[in-house]
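Here's the structure, in structure tokens; my notes come after.
Every read-out reported here was derived from the displayed coordinates using simple, explicitly stated rules and does not represent laboratory data. Because the structure is predicted, anything quoted here is derived from the model rather than measured. Using ideal geometry, Cβ is built from the backbone for each residue, glycine included, and neighbour counts are taken over all protein chains shown.
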Amino acid sequence: MSTFSIAPELASIVRPGVIWWSGATVVLHEHRLDPLLAEAEARVRISPPAESAAVRTMYKKVGIDPTKTRPSNEALLRRVRKGDTIPRINSAVDVVNWCSLEFQLPYGLYDSSKISGNVTMRLGVEGEKYAGIRKDEVNVGGRITVADDAGPFGNPTSDSARTMVTPSATGLLVIIYAPIEIPQSQLDRVRSKTAERFAEIVAGAQL
């Protein structure tokens, strides 16, 4: 199995939460999620969580303006507060979006069978980019990114088409891009709740 590590330049900025998952059954539309996501959306509209200041600070520490390049959790929160729904992609992506909205942390979700070698969270080097999901090229130069032997494939704003999760995926890598200010105990609870929802919705088990 691939390993995960964080580069020294990010160790004082990011406290990543990592889940390796096997035996998942990913479907396009999981009806059991319908009431759960609707309830989460309603909660956010009635009592909106504060947009995570710690996540914004994490972006600023690497020189990124979070109002121009929004963390994925904040983009999702803004969408739901405006009256839109959580976008439905497939059961695994939907669970990650549910957790990201509720816990207000950016998540990445990757098909582990598309990952080559070990995974490192690091700063992207100048000129590094990848083909994004439903986007043109995503530039990760000077930004927080995760990379394998084939290059970068994800960041806290948008992930790559190369490692995107589809219904054919059975092995998953979930990365929670938590700022260092989030206590380890809090991140452990978030990680545990995320794994619990994966077990319930997509089946399989944590490696």
Length released on extending from ASP84 to GLU9, taking residue separation times 0.36 nm less the Cα-Cα span:
23.3 nm
Aspartates and glutamates near LYS129 by alpha-carbon distance under 20 Å, same-chain residues fewer than 8 away left out - which ones?
GLU9, ASP65, ASP111, GLU137, ASP148, ASP149, ASP159
SER2 versus VAL27: modelled label distance in nm, points set 7 Å from Cα along the beta carbon direction
2.8 nm
Spacing of the two label points (7 Å from each Cα toward its C-beta) at LYS135 and LYS68, in nm
1.4 nm
Only sites in a loop by DSSP and with at most 10 other Cβ atoms within 10 Å count here; which trypsin sites (Lys or Arg not before Pro) in region 124-207 make the cut?
ARG134
Multiply the residue separation of LEU36 and GLN186 by 0.36 nm, subtract the distance between their alpha-carbon atoms, and state the gained length in nm to one decimal.
51.8 nm
Mind jotting down the distance between the C-alpha centroids of region 63-98 and region 125-193, whole Å?
14 Å
Quick one: if you stick a label point 7 Å off each Cα along the C-beta vector at ALA150 and SER116, how many nm between them?
0.7 nm
Using a Gaussian network model of the chain whose springs link C-alpha atoms within less than 10 Å, name the residue from GLY141, GLY127, GLY23 with the highest mean-square fluctuation.
GLY127
